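Have a look at the structure below, then the notes.
The values are calculated or read from the model by the stated rules, or taken from the named source; none is laboratory data. Just so we're clear, the structure is a prediction, and the values are computed from it rather than from any experiment. Cβ placement follows ideal geometry from the backbone for every residue including glycine, while neighbour counts extend to all protein chains displayed.
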Amino acid sequence: MTQPFLSIRNLRKAFGAITAVHDVTLEIPKGEFLTFLGPSGSGKSTTLYAIAGFQDPSSGDVELEGKSLLAVPSHKRNIGMVFQRYTLFPHLTVAENVAFPLRVRRRPEAEVKKKVADMLALVRLESFAQRLPGALSGGQQQRVALARALAYDPPILLMDEPLSALDKKLREEIQGEIRRIHRETGVTILYVTHDQEEALHLSDRIALFRDGRIEQTG
């Protein structure tokens with residue numbers, strides 16, 4: 001039997017007397033685009049943050065290629081993350097924002113320059129390299145955030161409602177970009193949304209969350 005790439009086993013997360021996630025179990029093969037779909041408060045973002053290492057589960061485990069991540073701090077999990085808000089550094093150019101995670105990891109400067117060029121080409125923003133984030137549209141800013149999250153070749157990309165701040169036309173445009181980038185990179189994506197149409201358009205598979213549990217997958 002093939003070992004799953006990412007495993008979530010009996011994950012539970014409580015905040016005091018309130019249990020936000022109840023016994024969530026999932027197996028995700030490498031390269032899959034899996035969406036967590038559900039209303040606000042259903043546990044989907046809490047599950048995502050446990051995978052990222054931003055929240056410690058009350059019980060259960062998260063395994064990457066058979067190895068538990070629970071003792072690994074978030075900054076050492078090598079997992080990409082794109083949030084609802086763009087979280088770009090306003091004083092850095094587009095190129096400098098994309099380069100930031102590479103420089104933190106002390107990559108050689110020649111590698112940094114090549115990777116930044118590759119990532120900006122991937123998100124089709126080559127001509128915007130020297131602009132500041134404030135000069136970009138919301139859709140362009142989110143594409144920069146996506147390029148930055150992918151710059152260091154993470155095996156998994158987590159996306160927490162990344163399009164919810166955009167208008168409908170922009171959402172549809174960026175959805176197409178995300179699907180194209182998934183095809184071109186083969187990165188495993190876990191995506192959170194409350195929008196059923198968005199989930200159906202993007203996903204290989206959907207996990208339906210309600211009241212802290214997965215009701216069904218498919």
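Things worth noting here:
- As a summary of the residue check, V144 satisfies the conditions (1) surrounded by fewer than 16 Cβ atoms within 10 Å (Cβ to Cβ); (2) β-branched (V, I, T); (3) under 24 Å from H91 (Cα atoms) except for the one numbered (1).
- Pairs linking a residue in the range 181-197 that is under 17 Å from R85 (Cα atoms) to a residue that is charged (D, E, K, R) and surrounded by fewer than 22 Cβ atoms within 10 Å (Cβ to Cβ), with Cβ atoms under 8 Å and 6 or more positions apart or on different chains, are V192/D160; V192/E161; T193/E161; H194/E161.
- The set of residues in the range 129-145 that are out of contact with any Pro (no Cβ under 8 Å at 6 or more places or on another chain) and in a helix (DSSP H, G or I) comprises A135, G138, G139, Q140, R143.
- Filter result for the condition that a residue is in contact (Cβ under 8 Å) with a residue 24 or more places away in the chain and more than 22 Å from H182 (Cβ to Cβ), over T47, T35, T19: T19
- Flag for L92 being outside the structural domain of K13 (by the TED database), modelled with pLDDT under 95 and either polar (S, T, N, Q) or more than 19 Å from Q196 (Cα to Cα) (or both): no
- Among (1) part of a strand (DSSP E or B); (2) closer than 13 Å to V192 by Cβ, the one test that S40 misses: (1)
- Of all residues in the range 72-81, none are assigned by the TED database to the domain that holds A199, of a type in the set (G, A, S) and over 17 Å from the mean Cα position of the chain (by Cα).
- Condition check for A135: at pLDDT 95 or above and farther than 25 Å from H22 by Cα: yes
- Considering residues of the range 163-203 that are modelled with pLDDT of 95 or more and either of a type in the set (S, T, Y) or outside the structural domain of A50 (by the TED database) (or both) only, the residue farthest from L26 (Cα to Cα): T193
- Test: residue in the range 115-128 that is in contact with a Gly (Cβ under 9 Å, 6 or more places away or on another chain) and part of a helix (DSSP H, G or I): no
- Residue within the range 29-36 that is out of contact with any Lys or Arg (no Cβ under 7 Å at 6 or more places or on another chain) and assigned to a strand (DSSP E or B) present: yes
- Residue match in the range 108-119 (condition: among the charged types (D, E, K, R) and within 13 Å of the chain's Cα centre (by Cα)): no
- Just one of (1) closer than 16 Å to F209 by Cβ; (2) under 14 Å from the mean Cα position of the chain (by Cα); (3) surrounded by fewer than 22 Cβ atoms within 10 Å (Cβ to Cβ); (4) not basic (K, R) fails for G31. It is (1).
- Within the range 83-96, the only residue that satisfies the criterion of being crowded, with 19+ Cβ neighbours inside 10 Å, under 17 Å from the mean Cα position of the chain (by Cα) and either of a type outside the set (F, W, Y) or part of a helix (DSSP H, G or I) (or both) is L88.
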